[in-house]
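**Q** Once you've had a glance at the structure underneath, I'll fire off some questions.
The values are calculated or read from the model by the stated rules, or taken from the named source; none is laboratory data. Quick caveat: nothing in here was measured; it's all calculated off a predicted structure. Cβ atoms come from the backbone with ideal geometry, glycine included; neighbour counts cover every protein chain shown.
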Amino acid sequence: MRAGPSQEEIRRHNLGALLRHVHLGGPTSRAELTSRMGLNRSTIMALTADLTAAGLVREELPRETGRAGRPSLVVRPESARVYVFALDVGVDRLVAARVGLGGTILDRRETVRPRGPFSLDEIVGPLAGFARQMHRRTRPDTVCVGVAAAFSGGVGRGDGIIRFGPNMGSTDVPFAEEMTRRLALGLPVKVGNDANLAALAEHTRGVGVGCRDLIYLHGDVGIGGGVIVNGQLLGGHQGFGGEVGHMVVNPRGRPCGCGSLGCLEAEAGERAVLETAGRLGPEMGRDAVRAVVDAADRGDVVAQAALSRVGDWLGLGVANLVNIFNPEMVIFGGMLREVYLGSAAQVRSRVAVDALPPSRGALRLRTSALGDDATLVGAAELAFAQVLADPLDVLVRAGS
Ligand SMILES: [Zn+2]
């Protein structure tokens, strides 16, 4: 028979849980933590003392409470002292940010990335440069507790190798390894698929807070996705799960970059929107898609017809996902935010026809709350995962 968790294991678990509360919820009173965590006051006090001693949180008297009696101390994350680096490798931009505990973006750098084939160095070089610039500007008493990147490509579970992605000349790009070497911060760089991380970001900090089952659809040059089931990201056997963009919705449809025909991203992705609207040209990207939606709003019938057609395919994809996963919410992010806003009626009517009535009854269709930062916020949360799992252990290692 296996023994139950030791006192020490319970303490570590509780330290992580308390830190997660203030990281996601912001400054919280001891009294509130006591009730939310279901622990007694003396335990909360001891846990807070440990986290304060480690420099992860700080306790303060609250500002005006408006209530009589002794006010409960407020526990707030040490946002300026404890931070991570979050990186975002998008199809047409590279972003690096220094994000404080609690989710505050303290500093950020961004550059445009040309679409087309790339070498690993063209991505790693600028990001490492940004991180070094930001690192130089930190105070000596600050501590970096993690680094993570969102990558627009398929990332193998645990190894940080990019297995496939748009414009990738070669496969199996050892991004995490090279990024770790170039940053030389003594911290391994973690990598996740951008749409997967954006799904987690919307789940923890965005429109999907409180939703245990949701699907996030992310549009850039293609369509990626993240499926959250019972609060957990669905990764599949090797971590490539959630590639909803390659769900075939039209077997005799447009050719897809993956070699198949009529995938959701071939029928409802950026290229399909622009081509159907007769606007395929050198100007691609979010602005070009937005221009189609704007034109439709102004009464351009060609743009309206294009959005209606694309919305029909998008709705069909959503209906299939709803039937399989029965999500509480489907979130449209990236370029799909614009597409959905321009074709919501079409998407809804397709879902009404093709999704099973019990599953669609309580379904909510929403747009991303974090917008263009969803992937970056997701990367930051991945970088914070370790310190939230075992706060004191990570801090000892980061300080050594
Ligand atoms: Zn495909």
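**Q** Would you mention how many residues in region 35-92 are among the hydrophobic types (A, V, I, L, M, F, W, C) and within 30 Å of Asp287 (Cβ to Cβ)?
**A** 5
**Q** Okay, next question. Based on this model, can you work out whether Ala288 counts as hydrophobic (A, V, I, L, M, F, W, C), without any contact (Cβ under 8 Å) to a residue 60 or more places away in the chain and within 16 Å of the ligand (Cβ to nearest atom)?
**A** For Ala288, the condition - hydrophobic (A, V, I, L, M, F, W, C), without any contact (Cβ under 8 Å) to a residue 60 or more places away in the chain and within 16 Å of the ligand (Cβ to nearest atom) - is not met.
**Q** Sticking with this one: Taking the criterion of being assigned to a loop (DSSP other than H, G, I, E, B), touching a helix residue (DSSP H, G or I) at 6+ places or on another chain (Cβ under 7 Å) and either of a type in the set (Asp, Glu) or within 14 Å of the ligand (Cβ to nearest atom) (or both), would at least one residue in region 192-212 satisfy it?
**A** no
**Q** Among the numbered criteria (1) outside any helix (DSSP H, G or I); (2) under 13 Å from Gly222 (Cβ atoms); (3) away from the ligand (no atom under 12 Å from the Cβ), which single criterion is violated by Val273?
**A** (1)
**Q** Where in region 1-96 are there strands (runs of 3 or more DSSP E), lying wholly inside it, with at least 1 residues that are more than 29 Å from the chain's Cα centre (by Cα) and either hydrophobic (A, V, I, L, M, F, W, C) or loosely packed, with under 15 Cβ neighbours inside 10 Å (or both)?
**A** Result: 57-60.
**Q** Quick check on Leu280: is it modelled with pLDDT under 95, away from the ligand (no atom under 16 Å from the Cβ) and among the aliphatic types (A, V, I, L, M)?
**A** yes
**Q** Here's another thing I want to ask about it. Given the structure, is Glu381 surrounded by 23 or more Cβ atoms within 10 Å (Cβ to Cβ), farther than 30 Å from Ala295 by Cβ, touching a Lys or Arg at 6+ places or on another chain (Cβ under 9 Å) and not polar (S, T, N, Q)?
**A** Yes, satisfied.
**Q** Separate question: Return the pairs, sorted by first residue and then second, in which the second residue is small (Gly, Ala, Ser) and not in a loop (DSSP other than H, G, I, E, B), the first residue lies in region 133-152 and is over 28 Å from Arg163 (Cα atoms), the beta carbons are less than 6 Å apart, and the residues are 6+ apart or on different chains.
**A** From region 133-152, the pairs are Val143/Ala398.
**Q** Among the residues of region 328-343, count how many are touching a strand residue (DSSP E or B) at 6+ places or on another chain (Cβ under 7 Å) and farther than 16 Å from Gly224 by Cβ.
**A** Residues meeting the conditions: 3.
**Q** Does region 222-267 hold any residues that are in a loop (DSSP other than H, G, I, E, B), farther than 13 Å from Gly154 by Cβ, within 12 Å of the ligand (Cβ to nearest atom) and among the hydrophobic types (A, V, I, L, M, F, W, C), and which are they?
**A** Met247, Val249, Cys256
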